1. For the stretch A:27-120, please list each of the helices (runs of 4 or more DSSP H) lying entirely inside it that holds at least 3 residues being within 14 Å of chain B (Cβ to nearest Cβ) and over 22 Å from the mean Cα position of the chain (by Cα).
2. Applying the selection to the stretch A:81-103, what residues are crowded, with 24+ Cβ neighbours inside 10 Å and closer than 12 Å to A:K123 by Cα?
3. Of everything in the stretch A:201-222, what is more than 13 Å from chain B (Cβ to nearest Cβ) and either over 20 Å from A:F292 (Cβ atoms) or charged (D, E, K, R) (or both)? Give them in sequence order.
4. I'm checking my understanding of the structure. Among residues of the stretch A:121-147 that are touching a residue at least 40 places away in the same chain (Cβ under 8 Å) and assigned to a helix (DSSP H, G or I), which one is surrounded by the fewest Cβ atoms within 10 Å (Cβ to Cβ)?
5. Which of (1) within 24 Å of B:G297 (Cβ to Cβ); (2) surrounded by fewer than 21 Cβ atoms within 10 Å (Cβ to Cβ) does B:T249 not meet, given it meets every other one?
6. Output the residue which, of all residues in the stretch B:127-150 that are of a type in the set (D, E, K, R) and at pLDDT 95 or above, is nearest to B:G67 (Cα to Cα).
Number of protein chains: 2
Amino acid sequence: MAEALPGDRLRPHVKAHKCTELARLQHRLGHRNFTCATIREMEGMAAAGLGDDLLLANEVLDTRRLGRLVRRGARVTVAVDSPATIEAAAAGGVREVLIDVNIGLRRCGCDPDQAGALADAAKAAGLEVRGVMGYEGHVVGFESRVERTRKMETCMTLLASAHEAVGGPVRSGGGTGTYDLNTGATEIQAGSYALMDTAYGRLGLPFEPALSILATVISVRPGRWAVADCGLKALGMDHGLPSLADGGTVHRCSDEHVVFSPPDGGHQPAVGDRVRVLPAHVDPTVAYHDAFHLVEGDEVVDRWPIDLRGW
Amino acid sequence: MAEALPGDRLRPHVKAHKCTELARLQHRLGHRNFTCATIREMEGMAAAGLGDDLLLANEVLDTRRLGRLVRRGARVTVAVDSPATIEAAAAGGVREVLIDVNIGLRRCGCDPDQAGALADAAKAAGLEVRGVMGYEGHVVGFESRVERTRKMETCMTLLASAHEAVGGPVRSGGGTGTYDLNTGATEIQAGSYALMDTAYGRLGLPFEPALSILATVISVRPGRWAVADCGLKALGMDHGLPSLADGGTVHRCSDEHVVFSPPDGGHQPAVGDRVRVLPAHVDPTVAYHDAFHLVEGDEVVDRWPIDLRGW
């Protein structure tokens, strides 16, 4: 990613990995600006010395904690999409904002034709408006690159029209699924690329899956199914069932179990075997865990705390 | 629940609430024996002085941590369903087991006709066999009470046949959905009843929902949709989308957002409003959070750490 989008062309989103050690690695690769989804992520990044230029790409009302970061020297920019969030930013001591524009996701963000008026309101409240952001979250997951590209164009047109009314140097957007298609953004907020998951894995992107959960087989019904000790409390399930790195079929999960069958003709699992479980969605999976264990083959070479969890 | 299943007729499952303070309340209501799903839950319960009679209703191989609890005075019983798990229990210093029987769930548990041989193997390994357990997890969720009852009967027949071959005083099973239907078990392992969720809420059980997530509305598109700040990292999603306590329609969730519409003719949400979000599945929801905030109306009267998380 650092080759495709060097330096400030990428503003890595930390919400997928929630780990300041991993952010430090991204920083060493040239990315000094980061994207966050929560106030806690902003605080943790600033405390880790990674507060050169932090964007909270989300609307918040309780901005006092952000104002504290500003007073301590972090550069803090927050997304606003309404008079109420502009007022909160100014009242909390935030100095810089982006106007968040809805470019089709139907989540946060103002209508593109309201962006200029909101920018004027923000300036009137004493805030510096750095530009606009818009996230094409409804586009990043389409498996067809052609379809992603076509839908991306509509999004970029909307964001460009808003940007024209707002001004400022920043047009922020994009994700792992559109990192090289979103040519309209000045910076890309991709995060999942660093760890990947099976949903993004279907898109044919040049990023390898790095994250798996090592589970132990605890029960076997020979020729029928096996059970490993990794379940709903270890896996984000909104994108569906996990997969197994060595193939086979996952039938279902319960709180502490994944029930699976090995691939046809594959190794028949035995109690005590280890299996690598690949999550369908990396972000809510990571949020269940205390730490990443870095491995080379079967050897654990480091442990990185997942220290940006919570709110 | 304590009225329907007093004292040792209920062995509350702590996996749903993961909170020793809530377990202490169950203890004060007369339940001295508890069910756990993880070694961490066993350790936390023992450390909280709630180790009178702890059942790990799950298969484990790394039993050394359980043996340590035994040596420190906790009563520890573990489920076994294979020669490997029996061997692990004996080697780790566990003294008491239940033979885990598959009564139709297709997860862990031996075939009912293997239970007697496994009990003999456990006794030969020096373990005391307290009886059997079997969990009808494939039955507890059926909305029709008639259907739950009918399917329950098959499960009880299977568990009884296994129990006859195994012996011992304990026949453990059941859950919140079958707490009064499973008359074949000597003790019921229900846990969800204490907090409830919308999935169990559809069953017409006499338990009220106690758990909600208080979220703040951060973005509104008047007449179209609103967004509150509670998403995939605050909600177990395997049972589907959450609901709103005040009604309306939840359209979707993303990492930190729930997108919803108010009920027809209901209060139009404004930025800053609070909404109570009800999870579809309580167990993986609780596992994302640090603490319960106990409220009377809008006043927070206590904070109970969710101290049994992790593994």
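1. Values: elements: A:39-47, A:64-71, A:83-92.
Correct list: A:83-92.
2. Within the stretch A:81-103, A:I86, A:A89, A:V97, A:L98, A:I99 qualify.
3. Result: A:R202, A:L203, A:G204, A:L205, A:P206, A:E208.
4. For the stretch A:121-147, the residue satisfying everything is A:R145.
5. Exception for B:T249: condition (1).
6. Looking at residues that are of a type in the set (D, E, K, R) and at pLDDT 95 or above, I get B:E128.
So that you can scan it fast, the table gives a plain yes or no per residue for (1) surrounded by 23 or more Cβ atoms within 10 Å (Cβ to Cβ); (2) of a type outside the set (S, T, N, Q); (3) within 18 Å of the chain's Cα centre (by Cα):
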position: A:A228; (1), (2), (3): yes, yes, no
position: A:L244; (1), (2), (3): no, yes, no
position: A:V271; (1), (2), (3): no, yes, no
position: A:L278; (1), (2), (3): no, yes, yes
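Here's the yes/no breakdown for (1) outside any loop (DSSP other than H, G, I, E, B); (2) under 26 Å from B:M237 (Cα atoms); (3) in contact with an Asp or Glu (Cβ under 7 Å, 6 or more places away or on another chain):
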| residue | (1), (2), (3) |
| --- | --- |
| A:C230 | no, yes, no |
| A:D238 | no, yes, no |
| A:F260 | yes, yes, no |
| A:P269 | no, no, no |
| A:G272 | no, no, no |
| A:L294 | yes, no, yes |
| A:D307 | no, yes, no |
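The values are calculated or read from the model by the stated rules, or taken from the named source; none is laboratory data. Remember, it's a predicted structure, so these values are computed and weren't measured experimentally. Counting neighbours? That spans all protein chains shown, and the Cβs are built from the backbone with ideal geometry, glycine included.
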